[in-house]
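Read the structure below first, then the notes.
The values are calculated or read from the model by the stated rules, or taken from the named source; none is laboratory data. What you are looking at is a predicted structure, and each value in this text was computed from that prediction instead of being measured. Cβ placement follows ideal geometry from the backbone for every residue including glycine, while neighbour counts extend to all protein chains displayed. Accessible surface areas use protein heavy atoms only, side chains included; no ligands, DNA or RNA. Shrake-Rupley method; radii C 1.70, N 1.55, O 1.52, S 1.80 Å.
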Amino acid sequence: MTAARQHLWTLSAFALSALLIAAPVQAVVSAGGTPTALHGETDGSAEADRQAVSREIERFRSSTVSIGQAMAIAEARHAGAMTADVSFDGASGVPVYRVKTLHNDRIWRHTINASTGELIGGEAALPLTELELDDRSNLAALGAIRHRLADAVRVAEQAASGKAISGGLVRERGRLNFAIVVISGDDLKEVILEPPGARAK
């Protein structure tokens, strides 16, 4: 799943997912094919990819903790923290959510057990000064956007009629967009949402 996640978030090393409920936003839902965030590390064959995605989806469906709950657990670790990236990882022994939060000029990495909601292995922090300029710029813009990841997930789940499995912030044509991958029935859909005020300066 790591190779796939890297491909999905090529425009931002730290993807975020947050969008609105009350402000106007454009939601674009696409379905044809599997969003790369769910491709496992396979030999590259279509059948192997399909099986890896099916296993990931099954593990996700059997988890008791939702993506929204995982974000809330991670954000509660530091008052005022906001989620900058979240994804489900069912490839390891224990299914987990990998959540990155932004707080006090640091990116905090959390691993949340998808069955119990417990934090696994403590947390790690990376100062923003150690990130590339584009990533720092995207994270700075996150603070100026009034919508949060939890809002984006709710909008995406309604738009795609399913449950979000990952999400993040990507920059396209000078705009920051929230990209959420949603499981809808047996399909994976990527929902792109543009929060108001996210245009690059």
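Looking across region 152-168, the residues that are outside any strand (DSSP E or B) and open to solvent by less than 30 Å² (accessible area, probe 1.4 Å) come down to Ala152, Val153, Val155, Ala156, Ala160, Gly162. Of the listed requirements (1) modelled with pLDDT under 50; (2) over 22 Å from Ile145 (Cβ atoms); (3) touching a strand residue (DSSP E or B) at 6+ places or on another chain (Cβ under 7 Å); (4) assigned to a helix (DSSP H, G or I), Ala37 misses just one: (2). Only one of the listed residues (Val65, Val86) is open to solvent by less than 20 Å² (accessible area, probe 1.4 Å), within 14 Å of the chain's Cα centre (by Cα), modelled with pLDDT of 90 or more and among the aliphatic types (A, V, I, L, M). That residue is Val86.
Which one of these is under 13 Å from Asn113 (Cα atoms) and touching a helix residue (DSSP H, G or I) at 6+ places or on another chain (Cβ under 7 Å): Val94, Val53, Val65, Val99? Lay out the reasoning, then the answer.
Working: Val94 fails: touching a helix residue (DSSP H, G or I) at 6+ places or on another chain (Cβ under 7 Å); Val53 fails: under 13 Å from Asn113 (Cα atoms); Val65 fails: touching a helix residue (DSSP H, G or I) at 6+ places or on another chain (Cβ under 7 Å).
None of the others qualify; the one that does is Val99.
All conditions but one from (1) open to solvent by 10 Å² or more (accessible area, probe 1.4 Å); (2) in contact with a helix residue (DSSP H, G or I) (Cβ under 8 Å, 6 or more places away or on another chain); (3) at pLDDT 60 or above; (4) closer than 26 Å to Glu172 by Cα apply to Ala81; the one that does not is (1).
In region 91-142, of all residues being surrounded by 15 or more Cβ atoms within 10 Å (Cβ to Cβ) and touching a Pro at 6+ places or on another chain (Cβ under 7 Å), the one that is farthest from Gln51 (Cα to Cα) corresponds to Arg106. Quick one: how many residues across region 95-120 are at pLDDT below 90 and assigned to a loop (DSSP other than H, G, I, E, B)? Selection size over region 95-120: 2.
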